[in-house]
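Have a look at the structure below, then the notes.
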Amino acid sequence: MILNLLQQQGIDCRVDGEYLQGGVGELQAMNIVRVLVDESEYGNAQAVINEWDAKQIDKVVDQAPARKGSGIGTGLLFGFLIGAGVTFWAYNSPVTSDGIDFDNDGVLDERWIYMDNRIHRVEFDRNLDGEVDAINYYSRKGLIYKSENDDDFDGEYETIYTFKRGNVQLHESDIN
């Protein structure tokens, strides 16, 4: 390209080493290809090349598109969020429930709910009316951490027990 540019300006020149690029593996990779001009034309050739180079830089600056990110960060974030969601679903989806029907009416009076094959909560119908009257919640280690009780069987949980390491830590009751 430089050769053609100089020839258009009437400067006699030639390319030296243009066929050596195939041997780069064995040759020194720098300064293999050169454009040669007579010493008397060197100043003119340098001026033409500098002028052309300055115009190319201006065009590049004027036409430079806005830099866009590669999207790697967005892809990583998206992948992390999907992985976290799938993991959360896998560890927290109800898998099975089982229980006991004490009065043989077809409704479970004591129901055990398991998440990831671990006990998650137990629901009790203490007065056998078909409504849940007490719920015990269990940690991932299988220890009870909270119990809610409907002691007057009106559908409201008045008594709440909070446990620490399986022992009652706090007992709250709404007696009116």
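Read-outs: derived from the displayed coordinates by stated rules, not from any lab. Computed from a predicted model, the values in this text were never measured in an experiment. Cβ: placed from backbone, ideal geometry, glycine included. Neighbour counts: every protein chain shown.
Per-structure values
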| item | result |
| --- | --- |
| Segment 90-173 shape via C-alpha gyration tensor axes, a/c threshold 1.5 | oblate |
| Rough spin-label spacing in nm, given labels placed 7 Å along Cα→Cβ, for LEU36 and ASN167 | 9.7 |
| Net charge of Cβ neighbours under 14 Å - reference GLU41; Lys, Arg +1; Asp, Glu -1 | -2 |
| Fewest-first sequence of TYR157, TYR91 by Cβ atoms within 10 Å of each Cβ | TYR91, TYR157 |
| Ranking of LYS141, LYS146 by count of other Cβ atoms within 10 Å, fewest first | LYS141, LYS146 |
| THR159-GLU131 FRET efficiency (beta carbon distance; Förster radius 22 Å; 0.05 resolution) | 0.85 |
| Pairwise FRET efficiency - ILE72 versus ALA47, Cβ, R0 = 35 Å, nearest 0.05 | 0.20 |
